[in-house]
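Below is one structure, written out as structure tokens; comments come after it.
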Amino acid sequence: MSKQQNIHPTALQEPDTEGYNSVAYINQLRKEVENKAVETINWYIKRKQYQSVMSKMLRLFAILLVLIGGLHPILLSLDLGLPKNAQYGYIAFAIAAACLSLDKFMGFSSSWIRYIKTAFDLQKALAEFQTDWVLMWAEVKNDSLDSKQQKKLLCRIKVFQTEIYTEIEHEFKMWASEFQNSLVQLQKDTQAKREISRSRPGIMELTVTNAKHAQHGLNVKVDDLTVAHMTGELLQIGHILPGQHYVVVHGTVDGKDVQASGRVDIVADETAELKLSLPIE
């Protein structure tokens, strides 16, 4: 079993047409079904070991990284010669979250629990079958089976074999459901992050080449909303939502009201440049 990567079906043992012995044949069937159950149980027990190691390792790393992230500001305040970079704490928290996400998506913890439960349920079914078999075999006299006893024993073998494959089917359906849910959740998380990224503000770098001629500076409007007052030729305005915006600058030059306008395309987390010039000679 240790060399097998999957649980494989076995062929049915057919009775010998010559010298048919019902006792020997039924016992042979019982051994085959029993061996199949033991083989399946051992498969789940072996496979759970890898899932257990990966689950514990990822969760241990996550705990340690959260601890490091929490202690990092305190260690910085102690002046121990550590790099003065507050981002390291956030990086530790981010890696910890990645460890937990990896465990969830790959299903290490859920598979570990699922394999343990399936192995336990199979062992329980095996113990019940073995006990029932002993009780039913106690009714056999002189190693001879009548048709009623044969049918009873064969039906018990059938029930036990069905229980084995029902447990395997149940475990597979749980895995398939978890896998599909993980894919759906991953798509939702990716879409959510994409939407958040799109909604992050950008920066506008506004240049008015002849702003120095405005005696009292220039008022800056973005989409008809006054957002700043500039006294030089260059001004940066942050926290502008992505998209196209209409920008107007207006002020007074030699006692006359003047203004210039233009459109700028803001991209999330980026700086967009807009150059304007007042209509003066």
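The values are calculated or read from the model by the stated rules, or taken from the named source; none is laboratory data. In this text, all values refer to a predicted model and were calculated from it rather than measured experimentally. With ideal geometry, Cβ positions are generated from the backbone for all residues, glycine too; neighbour counts draw on all protein chains shown.
Condition first: surrounded by 14 or more Cβ atoms within 10 Å (Cβ to Cβ), touching a Cys at 6+ places or on another chain (Cβ under 8 Å), without any contact (Cβ under 8 Å) to a residue 40 or more places away in the chain and assigned by TED's automatic domain parsing to the domain that holds Glu34. Can you find one or more residues in region 124-145 that meet it?
no
Looking for something among the β-branched types (Val, Ile, Thr) and touching a Ser or Thr at 6+ places or on another chain (Cβ under 9 Å) - is there at least one such residue anywhere in region 219-226?
yes
Restricting attention to region 157-181, which residues are in contact (Cβ under 8 Å) with a residue 40 or more places away in the chain, of a type in the set (A, V, I, L, M, F, W, C) and under 15 Å from Phe108 (Cα atoms)?
Within region 157-181, Met174, Trp175, Phe179 qualify.
Go through region 30-66 residue by residue and tally those that are without any contact (Cβ under 8 Å) to a residue 40 or more places away in the chain and either not aliphatic (A, V, I, L, M) or not in a helix (DSSP H, G or I) (or both).
8
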